[in-house]
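The values are calculated or read from the model by the stated rules, or taken from the named source; none is laboratory data. Keep in mind the model is a prediction, meaning the values are calculated, not measured. Reconstructed Cβ throughout: ideal geometry from the backbone, glycine too, with neighbour counts over all protein chains shown.
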Amino acid sequence: MKLEILPSTFERDGAAARRQHLTTLVIDDMVAIDAGSLAVGCTERQRQTIRDVVISHAHLDHVAGLPLFVDDLFATLEEPVRVYAAAEVIAVLEEHIFNWSVYPRFSELENDFGPVLRYTMFTPGREFELKGYTILPIEVNHKVPSCGFIINDGSATIALTGDTAPTEVFWERVNGLDRLDAVLVECAFPDELNDLALTSHHLTPKVLAQEIEKLDRTDCEILITNIKPAYRDQVCSELAALKMDRLDVIRVGRQYSWFGADLRVSR
Ligand SMILES: [Zn+2]
């Protein structure tokens, strides 16, 4: 399994910036998890290969790129962009984004080949199959209905929390897995903004450390995602102070790969 995080913004010289304003993770150039930066951060090749988009929740930093992605491809899509989400999230997308006022309701439109956007509703706690991947959505503790995911491709398994405050079921399910190659955990705010983190249902490094204590297993790497760009340096130094060897901040431009058996490689 190959994973990368798409860039959200670019420096003046065109190089991808490290700051994560928007969230999109891409698996094997085929499946996007969230679509915050999908239209602006994907490669031209990925624009042609990604047709499946799994959405954790409807906050703008996780969905902003979806309408633009479909729009960019509208005339050329030979198959629809398939959006997988919980019922509440699909309802929010249709009511507040694809509502003809903010953007066209693509789910009602067709091009010369047929529909351009299709929804598939998933139920938290129930696995679904997608192009050879088994995906288990798990409800987490965010301000709005939101899911983390456990994703298995038949050999490697990763888990990601998405946006969340302290949560329980996610860790129980992760601890029950036969194998886990990596867990991606959010950490939005620095410790001094603990009140804001509590209000907005996010983690700080100190609370993240308590979350990691719920993880029974020592066989996986821990990648930190969703650091608010304004606090990136502070959060990174507070994470470094935790002195956890297997913990790293996920990096734009780096490709993470995990294979079956013991052939785990991360470059
Ligand atoms: Zn959120």
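Brief remarks follow.
- Which numbered condition K243 fails, given (1) within 27 Å of L136 (Cβ to Cβ); (2) more than 16 Å from the ligand (Cβ to nearest atom); (3) part of a loop (DSSP other than H, G, I, E, B); (4) at pLDDT 95 or above: (1)
- Residue pairs meeting the criteria (Cβ under 8 Å; at least 6 apart or on separate chains; first closer than 13 Å to G125 by Cβ, in the range 145-158; second in a loop (DSSP other than H, G, I, E, B) and more than 12 Å from the ligand (Cβ to nearest atom)): C147/P124; G148/T167; I150/L177
- Meets criteria (touching a strand residue (DSSP E or B) at 6+ places or on another chain (Cβ under 9 Å), within 16 Å of the ligand (Cβ to nearest atom), touching a residue at least 12 places away in the same chain (Cβ under 8 Å) and part of a helix (DSSP H, G or I)) for F170: yes
- F128 vs. criteria more than 20 Å from C220 (Cβ to Cβ), crowded, with 21+ Cβ neighbours inside 10 Å and hydrophobic (A, V, I, L, M, F, W, C): no
- Qualifying residue in the range 251-263 (condition: more than 16 Å from the ligand (Cβ to nearest atom), free of Cβ contacts under 8 Å to residues at least 12 places away in the same chain and closer than 24 Å to L3 by Cα): yes
- Candidates L208, L215 - the one that is assigned to a loop (DSSP other than H, G, I, E, B) and either at pLDDT 95 or above or closer than 11 Å to D181 by Cα (or both): L215
- Some residue of the range 197-208 being in contact with a Ser or Thr (Cβ under 8 Å, 6 or more places away or on another chain) and surrounded by fewer than 20 Cβ atoms within 10 Å (Cβ to Cβ): yes
- Total residues in the range 131-159, condition at negative phi, in a loop (DSSP other than H, G, I, E, B) and either away from the ligand (no atom under 16 Å from the Cβ) or in contact with a Cys (Cβ under 9 Å, 6 or more places away or on another chain) (or both): 4
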